[in-house]
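The values are calculated or read from the model by the stated rules, or taken from the named source; none is laboratory data. From a predicted model like this one, the values you see are computed outputs, not experimental measurements. Neighbour counts run over all protein chains shown; Cβ positions are idealised from the backbone, glycine included.
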There are 2 protein chains.
Amino acid sequence: MPETIDKSNQQAPKFGSVFTDHMLRMEYDGERGGWQQPEITKMENISLHPAARVLHYATTLFEGMKAFRGVDGKIRLFRPLLNLQRLNQSAERACLPKVNKHDLLRHIEKLIRLDENFIPFTKEGSLYIRPTLIGTDAQIGVGVPNRALLFVILSPTASYFDSGSKPLRLMADPNYVRAWIGGAGDRKIGSNYGPTIYVQAKAQMYGCQQALWLYGEDEQITEAGTMAIFAHFINDKGERELRTAPLNGLILPSITRRSILELSREWNEFNVVEDKFTMSDLIRLRQENRLLELFGAGTACLISPVSEIFYRNRIIRLPTKDHPNPLYSRFYKSLNDIYYGRVNHPWGYEVGVADYSIDFDVEAASIL
Amino acid sequence: MPETIDKSNQQAPKFGSVFTDHMLRMEYDGERGGWQQPEITKMENISLHPAARVLHYATTLFEGMKAFRGVDGKIRLFRPLLNLQRLNQSAERACLPKVNKHDLLRHIEKLIRLDENFIPFTKEGSLYIRPTLIGTDAQIGVGVPNRALLFVILSPTASYFDSGSKPLRLMADPNYVRAWIGGAGDRKIGSNYGPTIYVQAKAQMYGCQQALWLYGEDEQITEAGTMAIFAHFINDKGERELRTAPLNGLILPSITRRSILELSREWNEFNVVEDKFTMSDLIRLRQENRLLELFGAGTACLISPVSEIFYRNRIIRLPTKDHPNPLYSRFYKSLNDIYYGRVNHPWGYEVGVADYSIDFDVEAASIL
C-alpha cells in the first residue's frame with residue numbers, strides 16, 4: 001500500500017514524495033484495438049512483467065502539471081492542453097501510442113475532483129499532476145511497443161527546492177552535455193533524465209541545486225536541470241533584453257518558458273529574444289555591470305532566481321537579487337495571479353466546469 | 001503469470017519473447033544496510049509503486065549474457081565477469097548501487113542450473129541472460145535512488161534477427177545521433193536505447209534490420225543498433241586491416257568487440273586498429289575494391305555480416321559475402337568453438353563448477 005498523507009495535514013511535504021488516494025490508469029493493447037477504457041482506482045502498485053520494455057529500454061515519458069486552489073475556491077490548471085499536446089509529441093518520439101488529449105484531460109479532471117481535498121490550502125501550495133506513459137510488452141528485443149500503460153498520479157507539494165524560494169546556485173560544467181543535435185533532447189522522455197542524475201548529484205556536492213547545461217565549444221547556456229533559463233540584461237544597444245535559448249532541439253519546450261515569452265511580448269517593454277546565450281556572454285555582461293538577472297522557470301520549480309554559478313572551480317556571483325524591481329518576481333506574481341484565480345485569464349483552466357454527471361464511488365475499482 | 005515455454009519444445013523461439021520458470025531477485029535498500037539477500041523465485045510480475053524512479057526517469061541499466069550447452073554436455077558462459085564489471089560501470093553512471101560481481105555470478109549460475117533444461121539442445125541455440133537493475137524509490141523528484149531492484153531473467157533463443165544468419169542491411173542516416181561526447185553513450189543504461197527505437201523503426205521501413213550510427217560532420221561509423229561494427233579492408237599501405245571505432249565514450253564497450261580484437265592480436269596476421277572510420281572511407285575503399293567485409297558483433301546478434309547500407313536514399317552494396325574466406329566467419333567459428341566447448345579456452349566459463357551444495361527446491365519462494 002503506497003504511502004499517503006493525512007488529509008488534515010495541510011502543510012505540503014517535500015516535492016514528489018507523498019501521493020493522494022487515487023490514480024488514473026488507461027491501458028493500450030495493439031491487439032485489442034488500442035486504448036482501453038480508463039479507470040480511476042485506489043493508488044496502488046503497478047504489476048509489470050520483468051521483461052516489460054520500460055524496465056530495460058527506458059520506454060517512458062511523462063508530463064508535469066499543477067492544480068491550484070484559487071482564492072475564489074475554484075480549482076485551476078494552467079494551460080493543460082499544452083502539456084497533453086507535448087505528451088503526444090513525446091509519445092511520437094518514444095514510439096508509444098498517442099492519446100486523445102481532450103478525453104485525457106476530462107479524466108484527469110475527474111481524478112482531481114475526487115482527490116481535491118489534497119490540494120493544499122496554503123498560498124503557494126499545489127497538487128502536482130504526473131501523467132506517465134510506459135511501454136509494457138514482455139519483450140526484450142529492442143523494438144516498437146505494442147502494449148502500454150498510461151497512469152496519472154497526484155502529489156501535494158509546496159516548493160520544489162529544499163531551499164524554498166531562496167536563490168539558487170547552479171553548476172555549469174562543460175564536461176557534461178544533456179542533449180545534442182540529432183538526439184531527442186526536446187521531448188519529455190525518461191531518457192533525458194536518467195543520465196542527468198549523476199550530474200545533479202555532482203552539482204549537489206558543490207552546494208548547487210541543479211546543473212546548468214552547456215552546449216558546444218562556445219558553451220551555450222541551454223537549460224537547467226528541471227527549468228528553462230532566462231537572462232535579463234542591458235544589450236549592446238543599451239536596451240533591456242530578456243533572452244532564452246531557442247527551441248532548436250536541444251531544450252525541452254517548457255510551457256512556463258512559452259508563457260513568460262508570451263507575457264513579455266504582450267507587455268512590450270523590453271526586447272524578447274530566443275537565441276544563443278553563452279557563458280562568455282554572461283561573464284562579459286556581468287563584468288560590465290549589464291547583467292540584471294538570471295532565473296529559471298518550470299512547472300515544478302515555478303520561477304527561481306539564480307544568484308550563483310559554479311563554473312571552472314570558481315563561483316560567479318550574479319546580481320539577480322540586487323535588482324530593486326526584478327522581472328523574475330513580476331513573472332512570478334503574474335503567473336501566480338493566474339494560477340490562484342486572482343485575475344481572470346484564459347490560461348487559467350477551471351477544473352470540472354464541464355458536466356461530469358458521474359457517481360464518484362471511491363471504493364469501486366473503476367468509476368469512469 | 002508470465003508466459004513460459006514448453007520444455008519439450010527445443011525449437012528456440014523469437015529473441016527475447018519467452019522466458020524460463022524462475023528468476024533471481026535482489027533488493028537494495030539504503031536504509032536497511034544496502035543489498036538484501038538474493039532470492040530465486042518463480043518467474044513472476046514485479047510490483048512497483050507508480051512513482052518508482054525507473055518508470056519516470058529511466059533509472060535502469062542491464063546486461064546481456066548467454067549460456068551455451070556444450071558438445072560435451074557442459075554449460076558455459078562467455079567471460080561473464082566482464083559483463084558484471086560493465087554492469088558496475090553502468091551502475092556508477094546511473095547512480096544505482098554496485099554489486100559484488102563474484103557473488104552475483106554465483107547466484108546467476110544457480111539460476112541457470114535450476115532452469116538448465118531450457119537451454120536449447122540445438123547447435124546455435126543458447127539461453128540469453130538478462131540482469132537488470134532499476135531504481136525503485138517512490139519519489140518523483142529527480143534525484144539519486146536509495147532503493148533498487150536487481151533481477152535476472154532467462155530467455156531461450158536461437159537467432160537475434162528474423163533474417164537468421166542472412167547478411168544485414170543497415171540504415172545510415174546522419175540526421176540521427178545515438179551518443180555524443182559529454183553524454184553517457186558508453187554505458188549499458190536504458191536511456192541509450194529508448195530514443196533509438198524510433199530510428200530502428202524507421203530503418204525497418206527501409207527494409208533494414210538496424211541503424212548504423214554516424215557521428216560528427218565527417219560521419220564516423222560508431223556502432224550499429226545492438227552491435228559493434230568492424231571493417232576489414234586493404235589499407236593505404238596495401239596491407240590487410242581490421243578496424244573498429246575506438247572506446248572514446250561514443251560506443252558501448254562490447255565484450256564481443258573486445259574478444260575479436262584480442263583474438264586478432266593473438267593471430268597477428270593483419271593490422272588491428274581502433275580508430276575513426278568514416279562513411280567516406282567506406283565508400284572510397286569500396287570504389288577502389290579494397291573493402292573486403294563489414295560485420296557487426298555483439299552478445300545477442302553474435303557475428304553478423306553486413307551486405308548493404310541504406311545511405312542518402314541509395315543502397316550501397318558491400319562485398320562482405322563475396323570474400324571466399326571471410327574473417328567474420330572465422331571469428332564466428334572461433335567464438336562458437338569456445339561457446340560450445342569444442343576447444344578448451346579460458347573465456348569459456350563452466351557453470352556450476354564451484355561447490356553449490358544447495359537444495360534446489362523449485363517451489364520455495366526463496367532458495368538461496
Next item on the list: Assess whether residue A:265 counts as being closer than 20 Å to residue A:321 by Cα and among the basic types (Lys, Arg).
Entry: no
- Hey, any hits in region B:275-291 for a residue that's touching a Ser or Thr at 6+ places or on another chain (Cβ under 6 Å), of a type in the set (A, V, I, L, M) and on the phi < 0 side of the Ramachandran plot? no
Over region B:197-234, the set of residues of a type in the set (Gly, Ala, Ser) and within 14 Å of chain A (Cβ to nearest Cβ) is B:201, B:203, B:211, B:216, B:224, B:225
In region A:104-125, anything under 29 Å from residue A:251 (Cβ atoms) and at pLDDT below 95 is listed as A:124, A:125
Checklist entry - Is it true that residue A:113 is touching a Lys or Arg at 6+ places or on another chain (Cβ under 9 Å), among the basic types (Lys, Arg) and either over 19 Å from residue A:225 (Cβ atoms) or in contact (Cβ under 8 Å) with a residue 60 or more places away in the chain (or both)? => result no
By residue number, the members of region B:196-227 that are touching a helix residue (DSSP H, G or I) at 6+ places or on another chain (Cβ under 8 Å), assigned to a loop (DSSP other than H, G, I, E, B) and surrounded by fewer than 24 Cβ atoms within 10 Å (Cβ to Cβ) are B:218, B:219
Note to self: Take the conditions modelled with pLDDT of 95 or more, charged (D, E, K, R), over 17 Å from residue A:135 (Cβ atoms) and in a loop (DSSP other than H, G, I, E, B) and apply them to residue B:27. Does it pass?
What the structure shows: no
Of (1) more than 24 Å from residue B:262 (Cα to Cα); (2) touching a Leu at 6+ places or on another chain (Cβ under 7 Å), residue B:242 fails just (1)
When region A:39-55 is checked residue by residue, the ones that are farther than 14 Å from residue A:137 by Cβ and free of Cβ contacts under 8 Å to residues at least 12 places away in the same chain are A:47
Note on region A:336-353: residues closer than 16 Å to residue A:116 by Cα and either among the aliphatic types (A, V, I, L, M) or modelled with pLDDT under 60 (or both) are A:351, A:353
- Please work out if residue B:130 is closer than 30 Å to residue A:16 by Cβ, within 11 Å of chain A (Cβ to nearest Cβ) and assigned to a helix (DSSP H, G or I). no
Could you check, for region A:85-98, whether at least one of its residues is over 18 Å from residue A:252 (Cβ atoms), modelled with pLDDT of 95 or more and among the hydroxyl-bearing types (Ser, Thr, Tyr)? no
Selection from region A:26-40 of residues surrounded by fewer than 21 Cβ atoms within 10 Å (Cβ to Cβ) and within 25 Å of the chain's Cα centre (by Cα) yields A:27, A:39
Restricting region B:41-80 to residues that are within 13 Å of chain A (Cβ to nearest Cβ) and of a type in the set (Val, Ile, Thr), the one nearest to the chain's Cα centre (by Cα) turns out to be B:60
Going through region A:96-114 in order, the residues found to be within 14 Å of another protein chain (Cβ to nearest Cβ) and either in a helix (DSSP H, G or I) or touching a strand residue (DSSP E or B) at 6+ places or on another chain (Cβ under 8 Å) (or both) are A:96, A:97, A:111
When region B:133-158 is checked residue by residue, the ones that are part of a strand (DSSP E or B) and either under 30 Å from residue A:200 (Cα atoms) or of a type in the set (Asp, Glu) (or both) are B:133, B:134, B:135, B:138, B:147, B:148, B:149, B:150, B:151, B:152
Among residues of region B:128-163 being surrounded by fewer than 20 Cβ atoms within 10 Å (Cβ to Cβ) and touching a helix residue (DSSP H, G or I) at 6+ places or on another chain (Cβ under 6 Å), the residue nearest to residue B:70 (Cα to Cα) is B:146
Restricting region A:115-127 to residues that are surrounded by fewer than 16 Cβ atoms within 10 Å (Cβ to Cβ) and part of a loop (DSSP other than H, G, I, E, B), the one nearest to the other protein chains (Cβ to nearest Cβ) turns out to be A:122
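Those residues that are part of a helix (DSSP H, G or I) and within 7 Å of chain A (Cβ to nearest Cβ), I need them from region B:184-195; list them, please.
B:190, B:191
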Of the residues in region A:254-309, those that are under 22 Å from residue A:68 (Cα atoms) and among the acidic types (Asp, Glu) number 1
Exactly one of A:327, A:291, A:285, A:261 is more than 22 Å from residue A:180 (Cβ to Cβ) and in contact with a helix residue (DSSP H, G or I) (Cβ under 7 Å, 6 or more places away or on another chain), and that residue is A:291
Of (1) touching a residue at least 12 places away in the same chain (Cβ under 8 Å); (2) out of contact with any strand residue (DSSP E or B) (no Cβ under 6 Å at 6 or more places or on another chain); (3) within 30 Å of residue B:174 (Cβ to Cβ), residue A:175 satisfies every one except (1)
Scanning region A:183-208 for residues that are over 16 Å from the mean Cα position of the chain (by Cα) and farther than 23 Å from residue B:90 by Cβ gives A:206, A:207, A:208
Per the list (1) part of a loop (DSSP other than H, G, I, E, B); (2) surrounded by fewer than 20 Cβ atoms within 10 Å (Cβ to Cβ); (3) within 14 Å of chain B (Cβ to nearest Cβ), residue check on residue A:237 breaks on (3)
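Let's see how each residue does on (1) buried (at least 21 other Cβ atoms within 10 Å of the Cβ); (2) touching a strand residue (DSSP E or B) at 6+ places or on another chain (Cβ under 6 Å); (3) assigned to a helix (DSSP H, G or I); (4) among the small types (Gly, Ala, Ser):
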| site | (1), (2), (3), (4) |
| --- | --- |
| A:280 | no, no, yes, yes |
| A:284 | no, no, yes, no |
| A:289 | no, no, no, no |
| A:292 | yes, yes, no, no |
| A:295 | yes, yes, no, no |
| A:303 | yes, yes, no, no |
| A:308 | no, yes, no, no |
| A:315 | no, yes, no, no |
| A:321 | no, yes, yes, no |
Given (1) touching a His at 6+ places or on another chain (Cβ under 9 Å); (2) crowded, with 24+ Cβ neighbours inside 10 Å, residue A:191 misses just (1)
